[in-house]
Amino acid sequence: MIAKRWVRGLVGGVIAVGALAGCEVPPPPEAAPGPTAPVRAPSASRPARPSQPERPSQPEAQPCPEGGVRLREAGGDAAMGLRLASLALVNCGTEPYVLDGYPELRVLDRQGAPVEVSAATGTNGVTTSVTGVEAAPRKMTLRPGAEATFSMVWRNTVTDVTVPAVEGWEIEVVPRPGAPRVRLRLTQPVDLGNTGRLGYGPWIERETR
């Protein structure tokens, strides 16, 4: 009886062992990874330096002509066909500039060619009104940066429809005897019609504040 029980126990143990031997034993778990270097948080990027606004290009200073003076328009008036315009001579040089009397002038067209006009001192028969061209000439010295003006008077009148009207778009001036000629392109023409006559006054020193 005891022998039978022993045999059964032995057989059961063998079966149990066989069953265990037939099963796949799961592999041991992988080792946990070791400590790694700490990951740096992404550094905040430096704010972009604001781009500097482009400086507007400064207009180049107008060069002073060879003679040390330049012309500019200095105003005018027009009423009932009578025209009055003034030009200023600016001493843009570094030395005093002496003027005495009247300028010598020519009126030029768009292409720079002289127009047919009788230009003379005073009113030249253009008008009997007081316009400033009747002033007496006098000697003056312009310090650097100072200026003097002279006035011109004419009429925009068409007296003969068969004669083309004349327009001057440039004035050429000799400020004093022997000085280089100075030219100025006008923004408004010397619109002579077909009168062919222009009067002009002497140099007048312009007061500057």
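Remarks
- The range 88-209 - charge dipole about Cα centre, Lys and Arg +1 at Cβ, Asp and Glu -1, debye rounded to 20: 280 debye
- Computed over all pairs of different Cα atoms, the Kirkwood value for the hydrodynamic radius of the range 119-209 is 14.8 Å.
- Gained length - Arg206 relative to Leu82, 0.36 nm times residue gap less alpha-carbon distance: 42.3 nm
- Once both labels are positioned 7 Å from their Cα atoms along Cα-to-Cβ, the gap between Ser118 and Thr159 label points is 0.8 nm.
- What the Cβ-Cβ distance of Arg143 and Arg72 gives, at R0 = 25 Å and to the nearest 0.05, is a FRET efficiency of 0.90.
- Calculated diffusion of the range 147-196, Stokes-Einstein form, Kirkwood radius summed over Cα pairs, 20 °C and 1.002 mPa s, µm²/s: 169 µm²/s
- Gyration tensor verdict on the range 108-160 (Cα atoms; rounded if a/c is under 1.5, prolate if a/b is larger than b/c, oblate otherwise): oblate
- Sorting Ile204, Ile171 by solvent-accessible area of protein heavy atoms yields Ile204, Ile171, largest first, with a 1.4 Å probe.
The values are calculated or read from the model by the stated rules, or taken from the named source; none is laboratory data. Keep in mind that this is a model prediction, so the values were computed, not measured. Using ideal geometry, Cβ is built from the backbone for each residue, glycine included, and neighbour counts are taken over all protein chains shown. Accessible surface areas use protein heavy atoms only, side chains included; no ligands, DNA or RNA. Shrake-Rupley method; radii C 1.70, N 1.55, O 1.52, S 1.80 Å.
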